[in-house]
Amino acid sequence: MDSRILLPVLLLFLSLSTVFAQTPAPEPACETKNGTNCEECLKNVKCLWCIKTKSCITYPVRTILPPAALCPLNDARWGLCWMNFQALIITLAVVGGVIIIAFFICLFCCCKCENFGSKRFEAKMQRQAAKTRTKQEERKAEMKQRHEEIRKKYGLSGQNPYSRFA
């Protein structure tokens, strides 16, 4: 085989073998940390500490919230030892509600401000159009006056014979 092909194939084979050979070390079950404290138990994200029973329990992911039979919410600790699960849920719900309300307020204000801005722009355009119209009328009046002066100068101030055709 050609050495230009052999070297990349060998490197690919070695890198794939090292990737597949690395298996993560299995985390010890939460129940093995029952004799420890809250900090030791909560080092593993899958664990829940119950103060009432002073036990480390695998978090019941199927039920989302741990059932009261397993551990009451005000005695359950997950993630932080100093905050009970009930306070954590209430805090997250309040923060989520505030974020949602703020989003809708911003959405409402932006839409209203956008409409206000377009009304302001529309009014500005109408003012400019009115200004242009008045200037144009003034120019027409000046041109008419100039034409009248020219007619008087050359003695053409009588009725225009072609006015009846117009």
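The values are calculated or read from the model by the stated rules, or taken from the named source; none is laboratory data. All values derive from a computational prediction rather than experimental measurement. Every residue, glycine among them, receives a Cβ derived from its backbone with ideal geometry; neighbour counts consider all protein chains shown. Note: accessible area is taken over every heavy atom of the protein model, side chains too, but ligands, DNA and RNA are not part of it. Shrake-Rupley method; radii C 1.70, N 1.55, O 1.52, S 1.80 Å.
For the list (1) at negative phi; (2) modelled with pLDDT of 85 or more; (3) more than 37 Å from the chain's Cα centre (by Cα); (4) surrounded by 10 or more Cβ atoms within 10 Å (Cβ to Cβ), I need the number of the one condition that LEU7 fails.
With (1) at negative phi; (2) modelled with pLDDT of 85 or more; (3) more than 37 Å from the chain's Cα centre (by Cα); (4) surrounded by 10 or more Cβ atoms within 10 Å (Cβ to Cβ) applied to LEU7, the lone miss is (2).
Any residue that is open to solvent by less than 100 Å² (accessible area, probe 1.4 Å), modelled with pLDDT under 80 and not acidic (Asp, Glu) - is there at least one of those in segment 119-142?
no
Please verify whether segment 60-80 includes one or more residues that are free of Cβ contacts under 8 Å to residues at least 40 places away in the same chain, in a helix (DSSP H, G or I), surrounded by 10 or more Cβ atoms within 10 Å (Cβ to Cβ) and out of contact with any strand residue (DSSP E or B) (no Cβ under 8 Å at 6 or more places or on another chain). Don't jump to the end; show me each part of the working.
Of segment 60-80, the ones free of Cβ contacts under 8 Å to residues at least 40 places away in the same chain are 60-80.
Now restrict to residues that are in a helix (DSSP H, G or I): 61-63.
From the residues that got through so far, the ones that are surrounded by 10 or more Cβ atoms within 10 Å (Cβ to Cβ) too are none.
No, segment 60-80 has no match at all.
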